[in-house]
Amino acid sequence: MKGLLIISALGLLAMLAEIFKVKKIILPLTLLGIIGALIANYFEWNTTMSISYFDNMIVFDRPALAFSGIILCTAFFWFIMANDYFHEDTNVADHYSLVLFALVGALMLTAFKNMTTLFLGVEIMSIPLYVLAASKKGDIKSNEAGFKYLIMGSFASAVLLFGIALIYGATGSFDIAAISNYLAANEGNIPKFFHVGVIFMLIAFCFKVSAAPFHFWAPDVYEGSPTLITALMSTVVKTAAFAAIFKLFMLAFALSSPVWSSILAMIIALSLIISNFTAATQTSVKRMLAYSSISHAAFMLMVVLANVRNNSSLDALIYYSLAYCGGSIIAFATLHVISSNGGDESFTAFNGLSKRSPLLAFFMALAMLSLAGIPVTAGFFGKYFVFTNMIGTPYKWLLIMAVLTSGVGVYYYMKVIIAMYFKSADNETAVEIKMPIKFTIIIAGIVTLLIGIVPGMIAQLFKF
Amino acid sequence: MINGISINMYLMLSTILFIIGAVGVMARRNTIILFMCIELMLNAVNLLMVAFSTLHNDSNGQVFVFFIMAVAAAEVAVGLAILSMIYRNIKSIDTDLLTKLKN
């Protein structure tokens, strides 16, 4: 909770910095604040099992603290990397505070215990992102991305709210625990519109995490937004949304799983097929990464599905999101470096990168291997944990489909590596990498390798 | 029963309003009307929330409606700002012209 308060205060301070003309100190202040929030998180992790606030609306228990830890770490490195983005125009302070407020929403989503805080978390996270997606004012592509994101996001929110209203109508409460108790007490006597409400909430969250068939906005929004904002969307926002889905379906709707689990299985199957086969045909790396994020969303939804059976797959989700955040940050940072060095976002821009910048090429290759799930990288063990969780469930066909479509995935990730190492570049000029971006890429790369080498240790840390 | 009207009537009315809004978002091309349709969807939810709140004799639902209203206002404020930015760039607010990002 202290972390949440610190980030909110930072957001307000960043807005004030514009008035008092002390823009220079915003970045150090933000980084210090995030470190402070992480330290506060660490102490809360060690002291008690769970602390509740606001009449049990926000509860920071260990899973919530683990997810907020991942979100804060990712945000820390994102801020170091995003130096460029904040110097593109004059309203630096506004952009800082928007990102910080989105972070507040993400932290709230990890810790909600009430539909009110769930809804507010989703909106606090989304509304700043609509603005950030459209933040290249003169670029119509960016405007269009922001507008599409806004329309789809508000549509999803309306669906989410309709679901919440129906569930409230059946149970008479917004509290997660009360809803779960209601389900346990009235088994076989639950009104139909309760189930409709659950399915509406599932659909709304599939919109938010861009799972097929509700994914169509994602590639456009990812392509149009400034690359660094796309990096934020595909790491922090995804992790927070999955923390929310997991908690919602684990704690509130676990007992009505016969209703939603087969629908969820269909959504996962569609996401796996559509995303992997469409990604293989893309010419733009940014769009490829957007489709790949849909397939990773499917993997993370599989954890939610597997959890119905054993209720102990949280560590797999945390490990997967950590691995995915690491890989994504490197991929988008590399893309950003290349496009700001005169290249575009296509596969051909990566041609001969190993000669232009061996360091960048090495870490990009590492990220691609991790996202594809090749052994000794974090991504492999992420997928491995998901599969071990899925084995006992009745959805074995889904497991087979996931393995097969991962094979297609290897093809399009390899396309990047082949372009970097085996094709010759049009221009041989060395790529210039700014110090902060280099730092972020190296740290993220080391994390990706390290948690791939000692996966058991990380997974053990998050066993609850 | 709320004031002699059964809860199913409220449920039906707000479902119809919600569907009108949802169809509008998918079918209409004028962006201002898109925003109106989203507002319609949110207000259908508000109506349902208030009806259930009265049914359960529980004020939580009505407090939630205030949150929805505040958030809807924030969303429309951001939306109209983006819209005016689009208008400045392409001198139109028709969604058919927003095709710079290929599908």
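The values are calculated or read from the model by the stated rules, or taken from the named source; none is laboratory data. Predicted model only: the values in this text are computed from it and were never measured. No Cβ is skipped: glycine too gets one built from the backbone with ideal geometry, and neighbour counts run over all protein chains shown.
Condition test on B:ASP58, is it touching a Lys or Arg at 6+ places or on another chain (Cβ under 6 Å) and either farther than 25 Å from A:ARG287 by Cα or not aromatic (Phe, Trp, Tyr) (or both)? Here the answer is no, as B:ASP58 does not meet what is asked. Quick check on my filter: what residues within region B:44-82 are more than 7 Å from chain A (Cβ to nearest Cβ), farther than 20 Å from A:ALA158 by Cα and part of a helix (DSSP H, G or I)? Residues satisfying the conditions are B:THR54, B:LEU55, B:ALA81.
Condition first: aliphatic (A, V, I, L, M), outside any helix (DSSP H, G or I) and more than 10 Å from chain A (Cβ to nearest Cβ). Can you find one or more residues in region B:4-27 that meet it?
yes
Total residues in region A:423-457 satisfying the condition of being at pLDDT below 85 and among the polar types (S, T, N, Q): the figure is 3.
State which residue is nearest to A:SER157 (Cα to Cα) when the search covers only region B:29-43 and only residues that are touching a residue at least 40 places away in the same chain (Cβ under 8 Å) and more than 9 Å from chain A (Cβ to nearest Cβ). Let's see the steps before the verdict.
So the first thing to find is which residues in region B:29-43 are touching a residue at least 40 places away in the same chain (Cβ under 8 Å), and the list is B:29-32, B:34-35.
Filter once more, keeping what is more than 9 Å from chain A (Cβ to nearest Cβ): B:29-30, B:32.
Details: B:ARG29: 20, B:ASN30: 21, B:ILE32: 18 Å.
Of everything passing the filter in region B:29-43, B:ILE32 is nearest to A:SER157 (Cα to Cα).
Exactly one condition in (1) out of contact with any strand residue (DSSP E or B) (no Cβ under 9 Å at 6 or more places or on another chain); (2) modelled with pLDDT of 90 or more; (3) closer than 17 Å to A:LEU4 by Cα is not met by A:PHE43; state its number. (2) is the only condition that A:PHE43 fails.
Counting just the residues of region A:87-103 that are surrounded by fewer than 20 Cβ atoms within 10 Å (Cβ to Cβ) and of a type outside the set (S, T, N, Q), which one comes out nearest to A:PHE155 (Cα to Cα)?
So the residue we want is A:ASP94.
Scanning region A:128-161 for residues that are under 20 Å from the mean Cα position of the chain (by Cα), crowded, with 24+ Cβ neighbours inside 10 Å and within 7 Å of another protein chain (Cβ to nearest Cβ) turns up A:TYR130, A:ALA134, A:ALA145, A:GLY146, A:LEU150, A:SER154. Determine whether A:LEU248 is among the hydrophobic types (A, V, I, L, M, F, W, C), surrounded by fewer than 24 Cβ atoms within 10 Å (Cβ to Cβ) and either assigned to a helix (DSSP H, G or I) or in contact with a Phe, Trp or Tyr (Cβ under 6 Å, 6 or more places away or on another chain) (or both). Spelling it out, A:LEU248 is indeed among the hydrophobic types (A, V, I, L, M, F, W, C), surrounded by fewer than 24 Cβ atoms within 10 Å (Cβ to Cβ) and either assigned to a helix (DSSP H, G or I) or in contact with a Phe, Trp or Tyr (Cβ under 6 Å, 6 or more places away or on another chain) (or both). Being under 27 Å from A:ALA111 (Cβ atoms), touching a Leu at 6+ places or on another chain (Cβ under 8 Å) and modelled with pLDDT of 90 or more: is that true of A:ILE267 here? So A:ILE267 fits the description; yes.
Against the condition within 27 Å of A:PHE155 (Cβ to Cβ) and modelled with pLDDT under 95, how does A:ASN114 come out, does it pass? Spelling it out, A:ASN114 is indeed within 27 Å of A:PHE155 (Cβ to Cβ) and modelled with pLDDT under 95. Checked against the criterion of being in a helix (DSSP H, G or I) and either in contact with a strand residue (DSSP E or B) (Cβ under 7 Å, 6 or more places away or on another chain) or crowded, with 17+ Cβ neighbours inside 10 Å (or both), the candidates A:LEU450, A:LEU359, A:LEU371, A:LEU404 yield just one match: A:LEU371. Cβ-Cβ distances below 6 Å connect the following pairs, each with a first residue in region A:383-399 that is modelled with pLDDT under 90, a second residue that is of a type in the set (D, E, K, R) and part of a helix (DSSP H, G or I), and a separation of six or more residues or different chains: A:GLY392/A:ARG309; A:THR393/A:ARG309.
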